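Nothing in this text is a laboratory measurement; each read-out follows from the coordinates by a stated rule. Here the structure is a predicted model, which is why all the values come from computation and not from measurement. Cβ coordinates were reconstructed from backbone atoms using ideal geometry, including for glycine residues, and neighbour counts include every protein chain displayed.
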């Protein structure tokens, strides 16, 4: 059974713990290492590996500490080059080429963000459950059959963003960047409509903007669309 823990999410830092009851994985390491340790009860030996989506600091801040602990970190070649860290524990993986990590089978896939070579990850366990993790992307071009859990970015709402721009709370230039780097509420809805959600148990909405989102609105609209259990950490 998949268990998800959001250690931190948002522009100030991202880190998540995922386990199938046998193998625990760290998704992202964009917060202080001490806070990551605390989330694992300081038993970092239980972490089988860390999956890193891209090189922005709110996703990779503690990578050197993770590597020094002896934990392998999996990422694209482009992300490795952008981070600029050389270490034997950094494992580069290819989009659409599966690899094993404990009891998980992991499929990296390309996403759309303003960085070198960002990835999302599809994690499948031996019980047939499938977890989709996709953050910091404005579009996902793939469909995923048999999903049971989703961890997906819902960064902003276009109506809230436009209102913030009109009132001067958010600079106009921010709109163009958000539209080419982050998932809007409408894009999340389109993605969910395009996929078979019949087996989905949970949907986690991640990385909400401090200024351009509304937690209750997002939770209610996605729940109304899907009829699923929605978490907004």
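Determine the distance separating the Cα centre of the range 207-229 from the Cα centre of the range 110-149; give it in Å without decimals.
After rounding, the separation between the Cα centres reads 19 Å.
For the pair residue 40 and residue 91, how long in nm is the line joining their label points, each one 7 Å along Cα→Cβ?
So the label points at residue 40 and residue 91 sit 1.4 nm apart.
Under Stokes-Einstein, with the Kirkwood radius over Cα pairs standing in for Rh, what whole-number D in µm²/s applies to the chain at 37 °C and 0.692 mPa s?
184
Which residue fluctuates most in the GNM of the chain (Cα springs below 10 Å): 173, 47, 18?
Most flexible of the set in this elastic network: 173.
At residue 32 and residue 174, where each label point lies 7 Å from the Cα along Cα→Cβ, what is the point-to-point distance in nanometres?
2.6
Percent relative contact order of the range 3-231, based on C-alpha pairs within less than 8 angstrom and at least six residues apart?
Worked out over the range 3-231, it gives 14 percent.
Which angle from 0 to 90°, rounded to the nearest 10, does the C-alpha axis of helix 185-194 make with the longest principal axis of the chain?
70
Taking R0 as 25 Å, what FRET efficiency do you get between residue 64 and residue 143 from their Cβ-Cβ distance, rounded to the nearest 0.05?
So, using R0 = 25 Å, E works out to roughly 0.10.
Simple spin-label model, 7 Å along Cα-to-Cβ: residue 163 to residue 22 in nm?
4.9
If you average the C-alpha positions of the range 70-97 and of the range 30-55 separately, how far apart do those two centres end up, in angstrom?
16
Would you mind telling me which residue in 176, 219, 189 has the biggest mean-square fluctuation in a Gaussian network model of the chain, where springs connect alpha carbons within a distance under 10 angstrom?
For the chain, modelled as a Gaussian network with Cα springs under 10 Å, the answer is 176.
If I fit a long axis through the Cα atoms of helix 215-226 and take the longest principal axis of the Cα atoms of the chain, what angle between them do I get, 0 to 90°, rounded to 10?
Approximately 80 degrees, to the nearest 10.
Helix-only mean residue ellipticity at 222 nm, the chain, DSSP H runs n ≥ 4 weighted -39,500 (n - 2.57), per residue, nearest 500. What is it?
-7000 deg cm²/dmol
What fraction of the DSSP beta bridges in the chain is antiparallel, stated in percent and rounded to the nearest 5?
Just about 50 percent of them are antiparallel.
Which length gain, in nm to one decimal place, applies between residue 12 and residue 223 when the Cα-Cα distance is subtracted from 0.36 nm times their residue separation?
73.3 nm
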